[in-house]
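All remarks here apply to the structure that follows.
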Amino acid sequence: MLVSTEWLAERLGDPDLVVVDMRWREDGSAPSLHERGHVPGAVLMDWSKDLVDPDSEVAFMLAPPDRFAAAMEAAGVGDDTTVVAYADQHGSGPFRLWWASRVYGHDDVRVLDGGFDKWTAEGRPISLDRPSPRPARWTPRPRRGLVARAADVMAAGQGGGTALLDSRPAFQFRGEAVWFEAGPVPVGPDGIAHTPRGDLRGGRVPWAASVPASELYREDFTLKSPDELLDLFGKVGVDVRPGSRAITYCGCGISASALLFALTLAGVEDARLYDASWEEWGRDPRLPVARG
């Protein structure tokens, strides 16, 4: 699941390895970042465009199998390819790719621990070359048990031992603003944020616990150890014994993917992502919301 900079440096140029640059910026400047330097051979992938379903009523939902497969093939990723994805500044794109690939039956995506921040801090090689992905065939094999829906989130509030975790920053958990791809949108006194996609309630699922994705990392951008993560989750009452269950959500299922990754790393056996996240929950007046 997680590989070190040393591991990747030793394998650069391996024909069965594809490195994916998933750095992302709210202002759309990630392609220029890639042009100014990337891990040698890394192909650029944008989670907000390449991995989503443009026809979904809920923004940024996971792409259907054929569209997702086309994105993987365009990056040179085939059925037998090992993928190492990285971002920077605590970006969650690599974790989204890891989760999405598992949804479609592939466990061959790993995340670079420490990301581009650690890679550059160690003085490792940077390339300006534009890679040419190899022809590839990637076959989706859909797998159950990794995607949660609103009904599952509701059920978690009725007991049964499923923990519900919110990975957004604390100010969004409290309902002071909502996530939007161009930047947070403040919530008014009436509890509503007026986003370009329409009105969105601020707040959280009432029975959710707050575990901001930023708390998953050490100062050098590496993920905390499984024991450190167990301690973090234990403080909010997450049961990580055999048979434990958890659901994660955020603004649109991105940082929630990082939280899901950390839960899995810590040993939670049944962890699912509420893909629609607040983009769906916050817009549906039938679903309960808490603020403050």
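Is it the case that segment 218-240 has a residue that's surrounded by 17 or more Cβ atoms within 10 Å (Cβ to Cβ) and under 16 Å from Ser277 (Cβ atoms)? Within segment 218-240 (the criterion being surrounded by 17 or more Cβ atoms within 10 Å (Cβ to Cβ) and under 16 Å from Ser277 (Cβ atoms)), the answer is no, since none of the residues qualifies.
When you look at Met45, is it modelled with pLDDT of 95 or more, out of contact with any Gly (no Cβ under 6 Å at 6 or more places or on another chain) and surrounded by 14 or more Cβ atoms within 10 Å (Cβ to Cβ), yes or no? Criteria met by Met45. When segment 87-99 is filtered for residues that are among the hydrophobic types (A, V, I, L, M, F, W, C) and either closer than 14 Å to Met1 by Cβ or free of Cβ contacts under 8 Å to residues at least 60 places away in the same chain (or both), the ones remaining, listed by number, are Phe95, Leu97, Trp98, Trp99.
Just the residues that are outside any loop (DSSP other than H, G, I, E, B) and more than 14 Å from Arg124 (Cβ to Cβ), please, taken from segment 1-15.
Just the residues of segment 1-15 that are outside any loop (DSSP other than H, G, I, E, B), to begin with: 2-3, 5-11.
Scanning segment 1-15 gives a single hit, Leu2.
Pairs meeting the criteria (first residue in segment 239-253 and under 27 Å from Gly91 (Cβ atoms), second residue acidic (Asp, Glu) and in a loop (DSSP other than H, G, I, E, B), beta carbons under 7 Å, at least 6 apart or on different chains) are Gly253/Asp275.
Of the candidates Val147, Val178, Val187, the single residue that is under 27 Å from Glu73 (Cβ atoms), β-branched (Val, Ile, Thr) and in contact with a strand residue (DSSP E or B) (Cβ under 7 Å, 6 or more places away or on another chain) is Val147.
Among the residues of segment 49-68, the ones that are crowded, with 20+ Cβ neighbours inside 10 Å and in contact (Cβ under 8 Å) with a residue 40 or more places away in the chain come to 6 in all.
In segment 219-230, the count of residues that are part of a helix (DSSP H, G or I) and among the small types (Gly, Ala, Ser) is zero. Considering the conditions (1) open to solvent by 20 Å² or more (accessible area, probe 1.4 Å); (2) in contact with a strand residue (DSSP E or B) (Cβ under 6 Å, 6 or more places away or on another chain), Thr139 is excluded by exactly one of them, (2). Flag: Arg110 does not match the condition of being touching a helix residue (DSSP H, G or I) at 6+ places or on another chain (Cβ under 7 Å), touching a residue at least 40 places away in the same chain (Cβ under 8 Å) and either surrounded by fewer than 16 Cβ atoms within 10 Å (Cβ to Cβ) or under 20 Å from Gly93 (Cα atoms) (or both). Any chance segment 76-97 includes a residue that's touching a Pro at 6+ places or on another chain (Cβ under 9 Å) and open to solvent by 50 Å² or more (accessible area, probe 1.4 Å)? No; the residues of segment 76-97 include none that is touching a Pro at 6+ places or on another chain (Cβ under 9 Å) and open to solvent by 50 Å² or more (accessible area, probe 1.4 Å).
Is it the case, given these coordinates, that Gly105 is closer than 23 Å to Val39 by Cα and not basic (Lys, Arg)?
Taking the combined requirement at face value, the residue does not satisfy it.
The values are calculated or read from the model by the stated rules, or taken from the named source; none is laboratory data. This structure is a prediction, so every number in the text was calculated from the model and none was measured. No Cβ is skipped: glycine too gets one built from the backbone with ideal geometry, and neighbour counts run over all protein chains shown. These area figures cover heavy atoms from the full protein model, side chains too; ligands, DNA and RNA do not enter into them. Shrake-Rupley method; radii C 1.70, N 1.55, O 1.52, S 1.80 Å.
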